[in-house]
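The values are calculated or read from the model by the stated rules, or taken from the named source; none is laboratory data. Just so it is clear, the model here is predicted, and its values are computed rather than measured. Note that each Cβ is placed from the backbone with ideal geometry, even for glycine, and that neighbours are counted across all protein chains shown. When the accessible area is computed, the model is the full protein with side chains, heavy atoms only, and any ligands, DNA or RNA have been set aside. Shrake-Rupley method; radii C 1.70, N 1.55, O 1.52, S 1.80 Å.
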Amino acid sequence: YKNNIIRTQSNKLLEEKNKELIIAKEKVEKASNARSEFLSTVSHELRTPLNAINGITHLLLEENPKKSQMQYLESLQYSGNYLTKFINDILEINKIDSSKIQIEHINFNLKQLVENIQSSLKELAVENDNSFNFNIDCEIPNYLIGDPTKLSQILMNLINNALKFTHDGEVTVTTKLVSVRDKKAFVYFEVKDNGIGIPEDKFESVFDSFSQGSIDINRKYGGTGLGLTIVRKLVRLLGGKINLESKVNEGSTFSFELPFKISKRVQDTDKKETT
Ligand code: ADP
């Protein structure tokens, strides 16, 4: 009888604790939703006047301004672009964190995607006197099903950084088929540079929001400190894990592996075309 009373009392206690936990969870969720809504509203409100500032600056720059005015306008253009990128990055992180982002499952050609990135970043490579190499594994099936927009975003961010933090060096992007299992292709991606490198004690923090290598690096290279935060979140969202290997003054390698479904429909079409 005594045991029964103790059991009932402890069950009641457990039930109460469970209720408290549910209420606390709801409160956290509400607060997080409010934060996300606030961030989204503020960012959108900022974007509208900023677009006007950027547009007018662009127009004035095209009007052949005097040399002295040119300097001010260029500085305005730089700040406008920086703020735009900052706001877009904040909106992107907010979207991922509040699970408002959808993963797409569409047919795409990985080789084509990589080639598009290569041509869009060619100029940046030339600016910094870097050689820009791509190793694309021919074994990778021509058509995969996945989220090409997010994959591009990840690669663009990593390659942009590699080109930015390397001067007169080499940036190499590698894609490799790791395995094919359960109608899925597991593809390895690597962005390797021989630039300034990252100290080992910063390997974790570079992925944190607003984190930059050092004040000197921030001053010299600019940037928002949000790029790698977005990269890590997106890689996780697509089912992978980002790795970093680096040595100061020797270079950095960012790598990750992602699963993609193999598009059967297009594979069949390919087969028909070749026979
Ligand atoms: P940022 O906008 O500052 O580039 P990121 O989140 O993309 O922000 O990167 C955070 C920091 O990580 C950078 O400020 C830089 O110090 C370091 N970093 C990122 N990529 C590289 C790289 N390829 N080589 C050296 N340092 C890097």
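What per residue convex hull volume, in Å³, comes out for the stretch 94-196 when only alpha-carbon positions are used?
Convex hull volume per residue, Cα atoms: 117 Å³.
Can you give the convex hull volume per residue for the Cα atoms of the stretch 33-134, as a whole number of Å³?
For the stretch 33-134, the hull spanned by Cα atoms encloses 157 Å³ per residue.
Could you check the spin-label model distance between residue 131 and residue 172? Points 7 Å from the Cα along Cα→Cβ, value in nm.
1.0 nm
Please give the peptides 15-23, 242-250 ranked by average Cβ packing (other Cβ atoms within 10 Å per residue), highest first, as a rough proxy for protection.
242-250, 15-23
Can you give me the angle between helix 227-237 and the longest principal axis of the chain, using Cα atoms only, in degrees from 0 to 90, rounded to the nearest 10?
50 degrees
Of the DSSP beta bridges with both residues in the chain, give the percent that are antiparallel, rounding to the nearest 5.
Restricted to the chain, the bridges split so that about 85 percent are antiparallel.
Please report the relative contact order for the chain, taking Cα pairs under 8 Å with a sequence separation of at least 6, and give it as a percent rounded to a whole number.
So the answer I get is 16 percent.
State to the nearest 20 debye the size of the charge dipole of the chain about its Cα centre, where the only charges are +1 on K and R beta carbons and -1 on D and E beta carbons.
In debye, rounded to 20, the chain gives about 1340.
Would you mind checking the tilt of helix 67-97 against the longest principal axis of the Cα atoms of the chain, expressed as 0 to 90 degrees and rounded to 10?
Helix 67-97 and the main axis of the chain meet at about 30 degrees.
Nearest 10 degrees, 0 to 90: what angle lies between the long axis of helix 110-127 and the longest principal axis of the chain (Cα atoms)?
Orientation of helix 110-127: about 50 degrees from the principal axis.
Rounded to whole Å, give me the distance from the Cα center of the stretch 167-201 to that of the stretch 49-94.
If you average the Cα positions of each part, the centres end up 33 Å apart.
Per residue, what accessible area does the chain have, given a 1.4 Å probe and all protein chains present, in Å²?
65 Å²
Considering the convex hull of the alpha carbon atoms of the chain, report its projected area averaged over all viewing directions, in nm², one decimal.
Average of the hull's projected areas for the chain equals 23.4 nm².
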